[in-house]
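A short worksheet on the structure shown next.
The values are calculated or read from the model by the stated rules, or taken from the named source; none is laboratory data. Model, not experiment: these values are computed from the prediction. Here Cβ is always computed from backbone atoms with ideal geometry, including for glycine, and neighbour counts include all displayed protein chains.
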Amino acid sequence: MSATAPITQDVHTIPRKLPEGPVNLVGLTRQAMREALIEAGTPEKQAKMRTGQIWQWIYQWGVRDFDAMTNLAKAYRADLKEKFVIEVPEVVTRKVSDDGTRKYLVRIAGGHEVEVVYIPEEGRGTLCISSQVGCTLTCSFCHTGTQKLVRNLTAGEIIGQVLVARDDLGEWPEPGAPKNETRLLSNIVLMGMGEPLYNFENVRDAMKIAMDEEGIQLSRRRITLSTSGVVPEIERTADEIGCQLAVSFHATTDEVRDKLVPINKRWNIETLLEALRTYPRGRNSERITFEYVMLDGVNDSDEDAHRLIRLIEGIPAKINLIPFNEWPGAPYRRSSNNRIRAFANIVYQAGYASPIRTPRGEDIMAACGQLKSATERARKSRRQIEAEAGLAGR
């Protein structure tokens, strides 16, 4: 497995700088911000200091107005206002579930929309963010997978989702106020719309910003990237991001996984597991999470559970069992609670943690696999979906 040949897709990513107009500072790495400031006239000897000051205003204090950056001279602030902007995605709709889950539909450049979900839990809060408009993977159990891929998100649009959520949660501290250790947004999961490893560079830059110690300050252990199995980019994830890894596994044979997760036809189960066994951060303290959606009569038998145990032998792992979250036209049904518990018990008896994920935000279509932006919501019929999943006649 080589890290020298990154996987890319022929999809357009809106550039940080439009043909005319100011540059958006949100999403620029520290080095890119420094270079942009120098290009705009900041003396090179001052650029590192100015970058640090602006960086803290944006990512530590949540400031979007240059005039509020009071440790910068008024003339310099005026110059910044002419050449730069601090912009985040626009919130189109905000829905709150009965269980407290919040779902945001946000609009990005080009008028496209993506969904972002905040899940509050005791002692923590997790933000599920998107990396693409739509998705290229067409996983047959996933509502997002029925939406065609439109384009990759920029680093600014990815980290912008975090800034938007912190705005809504009122979590930006006041400059000079005592530090509050309680974090409403304590974790990020790249489990929203899209395959993160098909947009690697933008995801990497955005997560580096989230982890920066002078900004949002999330540790790498608080960030989980979920992939369906883009094998050549898994090693890069460890080397260049260093976050936790989750894998959308969902099946124990290539025959079934080919239907559920079509990327398996390119990198099959054996190839994927080989990459995971050599994952540089695959230690007991940082287990790989195997995500496994429970589909009635498809992948939920005792035989599947025992086969899963054999497949992952030797990989520090936990199995996250996900009751299928139904959506209009879905060709599958959720496994019964008894079947899910029986499956979980087999996995647990083999020595693996096997938590059953509690569905959150189902009443606002915010649960796992249900995200799909309103503007791209052209419906497929149940017959079309079943045919694409290879399930016609079931």
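Annotations for the structure displayed:
- Of all residues in region 288-316, those satisfying the criterion of being surrounded by fewer than 20 Cβ atoms within 10 Å (Cβ to Cβ) and aliphatic (A, V, I, L, M) are ILE309, LEU311, ILE315.
- Among the conditions (1) of a type in the set (Val, Ile, Thr); (2) more than 19 Å from VAL231 (Cα to Cα); (3) part of a loop (DSSP other than H, G, I, E, B), ILE315 misses just one, which is (2).
- Candidate set: region 107-136, residues that are touching a helix residue (DSSP H, G or I) at 6+ places or on another chain (Cβ under 6 Å) and in a strand (DSSP E or B); chosen: the one farthest from ASN152 (Cα to Cα): TYR118
- Residue list for region 197-238, filter: of a type in the set (A, V, I, L, M), in a loop (DSSP other than H, G, I, E, B) and in contact with a strand residue (DSSP E or B) (Cβ under 7 Å, 6 or more places away or on another chain): LEU218
- Inter-residue pairs, beta-carbon under 6 Å, first among the acidic types (Asp, Glu) and in region 54-76, second buried (at least 19 other Cβ atoms within 10 Å of the Cβ) and in a loop (DSSP other than H, G, I, E, B), 6+ apart: none
- Any hit, region 30-51, residues being outside any helix (DSSP H, G or I) and within 16 Å of ILE159 (Cβ to Cβ): no
- Residue match in region 261-272 (condition: free of Cβ contacts under 8 Å to residues at least 60 places away in the same chain, basic (Lys, Arg) and buried (at least 19 other Cβ atoms within 10 Å of the Cβ)): no
- With respect to the conditions (1) farther than 30 Å from ASN299 by Cα; (2) touching a strand residue (DSSP E or B) at 6+ places or on another chain (Cβ under 8 Å); (3) not hydrophobic (A, V, I, L, M, F, W, C), SER130 lacks only one, and its number is (1).
Yes/no per residue for (1) crowded, with 19+ Cβ neighbours inside 10 Å; (2) modelled with pLDDT under 95:
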residue: GLY41; (1), (2): no, no
residue: ALA73; (1), (2): no, no
residue: LYS81; (1), (2): no, no
residue: PRO89; (1), (2): yes, no
residue: ARG124; (1), (2): no, yes
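So that you can scan it fast, the table gives a plain yes or no per residue for (1) at pLDDT below 90; (2) in the same structural domain as ALA251 (by TED's automatic domain parsing); (3) not charged (D, E, K, R):
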{"residue": "ALA78", "(1), (2), (3)": "no, no, yes"}
{"residue": "ARG94", "(1), (2), (3)": "no, yes, no"}
{"residue": "SER97", "(1), (2), (3)": "no, yes, yes"}
{"residue": "ILE108", "(1), (2), (3)": "no, yes, yes"}
{"residue": "ILE119", "(1), (2), (3)": "no, yes, yes"}
{"residue": "GLY145", "(1), (2), (3)": "yes, yes, yes"}
{"residue": "ILE159", "(1), (2), (3)": "no, yes, yes"}
{"residue": "ARG166", "(1), (2), (3)": "no, yes, no"}
{"residue": "GLY170", "(1), (2), (3)": "no, yes, yes"}
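- Qualifying residue in region 354-368 (condition: modelled with pLDDT of 75 or more, more than 22 Å from SER97 (Cα to Cα), of a type outside the set (D, E, K, R) and surrounded by fewer than 21 Cβ atoms within 10 Å (Cβ to Cβ)): yes
- Qualifying residue in region 237-260 (condition: touching a residue at least 60 places away in the same chain (Cβ under 8 Å), surrounded by fewer than 18 Cβ atoms within 10 Å (Cβ to Cβ) and under 16 Å from the mean Cα position of the chain (by Cα)): no
- Selection over region 199-222 of residues that are among the polar types (S, T, N, Q) and closer than 15 Å to GLN60 by Cα gives a count of 2.
- The residues of region 239-248 that are in contact with a strand residue (DSSP E or B) (Cβ under 6 Å, 6 or more places away or on another chain) and not in a loop (DSSP other than H, G, I, E, B), listed by number, are GLN244, LEU245, ALA246, VAL247, SER248.
- For first residues located in region 307-332 and in the same structural domain as PHE290 (by TED's automatic domain parsing), partners that are assigned to a strand (DSSP E or B) and surrounded by fewer than 17 Cβ atoms within 10 Å (Cβ to Cβ) and lie 6+ apart or on another chain with Cβ distances below 9 Å form the pairs ASN320/ILE356; LEU321/ILE356; ILE322/ILE356; PRO323/ILE356.
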